1. Quick one: if the Förster radius is 25 Å, what FRET efficiency do Q615 and I714 give, using the C-beta to C-beta distance and rounding to 0.05?
2. Which net charge results for the neighbourhood of R578, defined as the other residues with beta-carbon distances under 13 angstrom from its beta-carbon, given Lys and Arg at +1 and Asp and Glu at -1?
3. Please list the three semi-axes, largest first and in whole Å, of the ellipsoid equivalent to the range 593-655, using sqrt of 5 times the eigenvalues of its alpha carbon gyration tensor.
4. Can you work out ³J(HN,Hα) from phi for every residue in the range 416-423, in order, using Karplus 6.51 cos²θ - 1.76 cosθ + 1.60 and θ = phi - 60°, giving whole Hz and x for Gly and Pro?
5. Show which aspartates and glutamates lie in cross-link reach of K163 when reach means a straight Cα distance below 14 angstrom and same-chain residues fewer than eight apart are skipped.
6. For the range 200-207, take each phi angle, set θ = phi - 60°, evaluate the Karplus expression 6.51 cos²θ - 1.76 cosθ + 1.60, and give the result in whole Hz per residue in order, putting x for glycine and proline.
7. Would you list, by chain and number, the lysines whose Cα falls below 17 Å from the Cα of K680, excluding same-chain residues fewer than 8 positions away?
8. A683 versus L290, label points 7 Å from Cα toward the beta carbon: distance in nm?
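The values are calculated or read from the model by the stated rules, or taken from the named source; none is laboratory data. Predicted model only: the values in this text are computed from it and were never measured. Neighbour counts are summed over all protein chains in view; Cβ atoms, including those assigned to glycine, are modelled from backbone coordinates with ideal geometry. Ligands, DNA and RNA are excluded from the accessible area calculation, which covers all protein heavy atoms including side chains. Shrake-Rupley method; radii C 1.70, N 1.55, O 1.52, S 1.80 Å.
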Amino acid sequence: MDLPKSGFTATVFSAFLRPFIGFLDKRAAPIHHGEIILPGLAKPVVVRWDRHAIPHVSATDERDLFFAQGYLHAQERLWQMEMNRRFLSGRMAEIFGDFSLPWRELSSQFRDRSCVDLDYFVRLLGIRAAAVNSLTLLSDEDGRRLRAYCDGVNRYIERCGRKPPWEFRVLRQEPEPWQPADTLMIGKGFAFLLSTSLYTRLNFIAIAAKLVDEPEKLRDLFPAYPDHAITTARSSWDSARALWQFSSGVLAASEWHPAGSGSNSWAIAPQRSTAGQAILCNDPHLRMSLPSVWYLMHLRADNSAAGPDGYEVWGASIPGVPCVQIGHNRFIAWGITAALCDDVEIYREKMHRLEPDLYLVGHRWEKLESRKELIPVRGAKRLEKIVRASRHGPAISDFRATSDGKEILTARWTAHEPSREVNSLFKLNWPRHWKQFQDSLRLHAAPSLNFIYADHEGNIGYALAGKIPRRASVPSLLPLAGWDERNDWLGYIPFDELPHVYNPPEGAVASANNRIADAAYPYYLSHFFDPPYRIRRIEQLLDQREKCSLGGLAAVQLDHVSLHARNLIAALQPDLTRIADDNRILKAAANRLLAWDGGCAISSIEAAIFHLMHQRLLRHLLVPVLGEEAYPAYVEILNQSIVPTDRIFADAKSAWFSRRSRFELVHLALSGACDELEAKFGANMEEWCWGKVHQLYLGHALSRVDALKSVLGIGPMPTPGDGMTVNV
């Protein structure tokens, strides 16, 4: 996003607008000092903010504690909570109207799509319906805790009266009461936004349809494709195309976009620690935004079901959800990364020729379920949509009526089923040891998550949690015949058989969204793991020291060396060496890359050259084969594109270089990168710093309005690292 052209104009405008927003927010502004009388609290609750603006909350019992947490979340993050609720329930057009989505800022897949399309897509997936269905699984005790949290949110809304936070007033909206289903919906939303299964499957339907006559190239992009499956791609493509064109961009629209921003977590045992105690590190790389996805808190209740010592936990909470999602109590600490397990299946359903609501199951016909969705649109008549579903799940091909009526595509997703993530979360906050910690994870369903563990006695561990489908065979990712019941899931992998480790002899456990188990593991988990470069770098840095200090581990979190860049440059060394001496700038750039250690500091010239060259390498390699439409969807999700293309570039004789040799592509890409850097920063290569190219802008939900960018946003700021480094 470009900032306003005139810094002076932007400063003057900001100086005027910020006090105006403060005036609008006067009644709704957070209160950090003094005393507030809140009906609903049984006994006094003390909140103390430390110098980092982190609230420390002390209550007599759990109900008052979660009431206070809901109030604190709401007084600082109500607009963020409202946006998440509206996005995940398909109600954005209700306040914004049916505007064209800003696809240039989000994804090429949003081109020509509207806010109503987004609402319909989310409703088609049934995120809110799944949350509502999960309410029945709440235990009485957890139900009381959740209602206390919602009461706290709603007490803040009542205190504001007709003057809620300024975003509501600008849009002339009043916040609705917060409901338990809204909290459960945020949990389902994480399952939706931390899984790339649906998007990757849709992408491979598109790619397989394009490469059906070039199976060798297709297997290079995805080696697991069996030959017999490729022929089904064309028959599914017409049904999948409309949803594919739209849905790939939904990832980029979200604050929780996982592509190229995988998380890291590790723990070391006391024998590897200079402190003589276990140390746990976690860096969840969710999208950086204003406000942050996280809200740091310390929560304490004297009387609690957690035990005679009460309830006390420190860490990162999510506005809209009680408890702490990542953190520690007095006995244990835990970190989380996305496991990226394959939690989706797409099915082809054969429709009855005469009765369009019937579909084939084995040798019988069953009727599709249907529900009516009414989508309110600001300033326009509300739209009516019909969502159909088979026994597997919603008919995703209905997103645009493009099928021939003989077949539809449906999607099964683990998060569609009622689940108990909130129950798991309440239990996760107070274990005293590994056994209790594991028991809390048994209730977790979606998304699949890697948990790293450490405790005050020096134990460390790793556990995978979530409902992972058991399949009859390793999937091709292309749609399966829904009428063949042999293609149905065989239940879920039992929790006790999911990968886990406790006190390994090497004294360390780590996770970076990488492959979880080797070929000896008896179940299929996923094709969607992140490239191995981050986990290898973490292991490399941990192995460099016999013992690690807190400061040393913090340095690991900030490491910006790209093993991906190192490996790719090593593979391309013969071509970079061949760059002729007659082009001084090009030869100097090639020599720099060959001597580079992969460090992506903001001052690095080589990092700027490499990343612009790599971007062009991918484009020159893939666009002639995949086309302009499929290319951005494929490279947008790093865990589907980096390893296959690295493998192609490592083989100069690959079929992908039949039109142009690898050397020609490298020369063309490096030349284009240097031309762009020279055009932007001049012919002096010393000015080609990575920080000038790689910048972070923190934006508010309304900062896409040009007039509000400088007021509501921060940046752009030069940042180190890339999508493959520990410091992302």
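1. The formula returns an efficiency of 0.45 here.
2. Details: positive: K587, R662; negative: D575, D581, D582, E664.
Value of the local net charge: -2.
3. That gives 23, 15, 11 Å for the three semi-axes.
4. 5, 7, x, 8, 10, 4, 5, 4
5. Cα-Cα hits under 14 Å: D25, E174, E176.
6. 5, 5, 5, 4, 6, 4, 4, 5
7. Answer for K680, where 17 Å is the Cα cut-off: K5, K692, listed by chain and number.
8. 4.0
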